[in-house]
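Structure first, then comments.
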Amino acid sequence: MIEVRWHGRGGQGAKTASQVLAVAYLKEGKAVQAFPEYGPERSGAPMLAYTRVDERKIRRRSAVTEPDVVVVLDPSLTHEVAITSGLRADGHLLLNIEDPGEAGEAVAAYPGDVLPVAADRLARAAGTRFPNVVLLGALAGWLGSPTFGHLAEALDEVMAGLPPAAREASREAMRAGYAAGERGMHHGE
C-alpha cells in the first residue's frame, strides 16, 4: 500500500490533488481512497488530505499517520505544522519550495528523500495560480506512477466543471511538475 499525506491550506487544492491522484490510480486498476481532513473550515486554514493506493481492497478508514509520501503545498507550513510526523525514514517528502534550506529544521533533519519543486513558479508559467497540480505531476513523475496519460484523464474528470482554458493550464502545470519529478527521481542514488 502507498499512503500519501497532503499538507495545504483551505482553497489550495490539496483535496483536489488527492482525488485526481486516486482517480488516476483507479484507471490503472488499483484500489484507492482519497479524503480530506479539515480543522477550522475556512480558506487559508491548514488542512490535510490523504490518498491510499493498493493492489487489493483497502479496509483501513483512519487518517494516514505513517505516510510513505508527504506533499506540502504551502511552504509556510514547514514552520507551522509537523509535516514529517510519522513519515517513514525511507519515505518521500515533496515540497513546494524554491530553496530547501528555507524549509526549517524538521525538513533538514529528515533522513529520507526530499524533492523541492518550485511549484508556485511553474504554475504561474503554465497560466494557473494553483501549485497543487504541479506537485501532483511531480509526485507521479518521482514515483514513476501513475502515468501522465492517466493523470491527465483524471484531471479532466475531476475538474470537468472548469472552463477548457483552465483545464489546459492545469494540465500544462501538471506536465511541468511531472518533468521535475522525473528529474528528481534519481537524486538520492
Margin query: Take Val20 and tell me if it is surrounded by 17 or more Cβ atoms within 10 Å (Cβ to Cβ), in contact with a strand residue (DSSP E or B) (Cβ under 7 Å, 6 or more places away or on another chain) and either within 25 Å of Glu157 (Cα to Cα) or of a type in the set (A, V, I, L, M, F, W, C) (or both).
Written below: no
Check: What are the pairs, 6+ residues apart or on separate chains, where a residue within the range 115-138 that is among the charged types (D, E, K, R) has its Cβ under 7 Å from a residue that is crowded, with 24+ Cβ neighbours inside 10 Å?
Finding: Asp120/Asn96; Asp120/Pro131; Arg129/Ala123
Notebook entry, point to check: Conditions: (1) in a helix (DSSP H, G or I); (2) over 22 Å from Gly11 (Cβ atoms); (3) among the hydroxyl-bearing types (Ser, Thr, Tyr). Ser170 meets all but one. Number of the miss?
Noted result: (2)
Item checked: Which numbered condition Ile2 misses (of (1) surrounded by fewer than 23 Cβ atoms within 10 Å (Cβ to Cβ); (2) in contact with a helix residue (DSSP H, G or I) (Cβ under 6 Å, 6 or more places away or on another chain)) -> (2)
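I'm checking my understanding of the structure. Among residues of the range 1-42 that are in a strand (DSSP E or B) and among the basic types (Lys, Arg), which one is nearest to Ala82 (Cα to Cα)? Outline the logic, then answer.
In the first step, residues of the range 1-42 are kept if they are in a strand (DSSP E or B); the result is 2-9, 31-38.
From what is left, the residues that are among the basic types (Lys, Arg) are 5, 9.
Working: Arg5: 12, Arg9: 14 Å.
My answer is Arg5.
Yes or no: Ala49 under 17 Å from the mean Cα position of the chain (by Cα) and over 18 Å from Leu143 (Cα atoms)? If you could, list the steps in order and put the result at the bottom.
Details: under 17 Å from the mean Cα position of the chain (by Cα): yes; over 18 Å from Leu143 (Cα atoms): yes.
Judged against the criteria, Ala49 is a match.
Can you pull out every residue in the range 37-87 that is of a type in the set (Asp, Glu) and either more than 27 Å from Ala109 (Cα to Cα) or in contact with a Lys or Arg (Cβ under 9 Å, 6 or more places away or on another chain) (or both)? Spell out the reasoning first.
First, the residues of the range 37-87 that are of a type in the set (Asp, Glu): 37, 41, 54-55, 66, 68, 74, 80.
Hits for the range 37-87 are Glu41, Asp54, Glu55, Glu66, Asp68, Asp74.
Of all residues in the range 125-146, count the ones that are under 15 Å from the mean Cα position of the chain (by Cα), more than 16 Å from Gln12 (Cβ to Cβ) and not in a helix (DSSP H, G or I).
Within the range 125-146, the subset under 15 Å from the mean Cα position of the chain (by Cα) is 130-146.
If we keep only those that are more than 16 Å from Gln12 (Cβ to Cβ) as well, we get 140-146.
If we keep only those that are not in a helix (DSSP H, G or I) as well, we get 144-146.
Selection size over the range 125-146: 3.
Just wondering, is there one or more residues in the range 151-166 that are under 15 Å from Gly13 (Cβ atoms), surrounded by fewer than 16 Cβ atoms within 10 Å (Cβ to Cβ) and of a type outside the set (A, V, I, L, M, F, W, C)?
Taking the range 151-166 and keeping what is under 15 Å from Gly13 (Cβ atoms), we get 151, 154-155, 158-159, 161-162, 166.
Still in the list and also surrounded by fewer than 16 Cβ atoms within 10 Å (Cβ to Cβ): 161-162, 166.
Narrowing the set further to residues that are of a type outside the set (A, V, I, L, M, F, W, C) leaves 161.
The answer is yes; a qualifying residue exists.
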Next item on the list: Would you mind telling me which numbered condition in (1) within 26 Å of Gly161 (Cβ to Cβ); (2) surrounded by fewer than 13 Cβ atoms within 10 Å (Cβ to Cβ) Tyr38 fails?
Entry: (2)
Note to self: Suppose we filter Leu73, Leu48 for residues that are more than 18 Å from Ile2 (Cβ to Cβ), in contact with a Phe, Trp or Tyr (Cβ under 8 Å, 6 or more places away or on another chain) and surrounded by 15 or more Cβ atoms within 10 Å (Cβ to Cβ); which single one remains?
What the structure shows: Leu73
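Return yes when Ile83 is part of a loop (DSSP other than H, G, I, E, B), β-branched (Val, Ile, Thr), touching a residue at least 12 places away in the same chain (Cβ under 8 Å) and surrounded by 19 or more Cβ atoms within 10 Å (Cβ to Cβ) and no when it is not.
yes
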Note to self: For a quick check of your reading of the model, give me the residue pairs whose first member lies in the range 51-76 and is touching a residue at least 60 places away in the same chain (Cβ under 8 Å) and assigned to a loop (DSSP other than H, G, I, E, B), whose second is small (Gly, Ala, Ser) and surrounded by fewer than 19 Cβ atoms within 10 Å (Cβ to Cβ), with beta-carbon atoms closer than 6 Å and at least 6 apart or on different chains.
What the structure shows: Glu66/Gly86
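If we keep just the residues of the range 133-170 that are touching a Phe, Trp or Tyr at 6+ places or on another chain (Cβ under 8 Å) and among the polar types (S, T, N, Q), which is farthest from Ala17 (Cα to Cα)?
Ser145
Just so you know, all these numbers are worked out from the coordinates, no wet-lab data involved. Given the structure is predicted, the values throughout are model-derived calculations rather than measurements. FYI the Cβ positions are ideal-geometry reconstructions off the backbone, even for glycines, and counts take in every protein chain you see.
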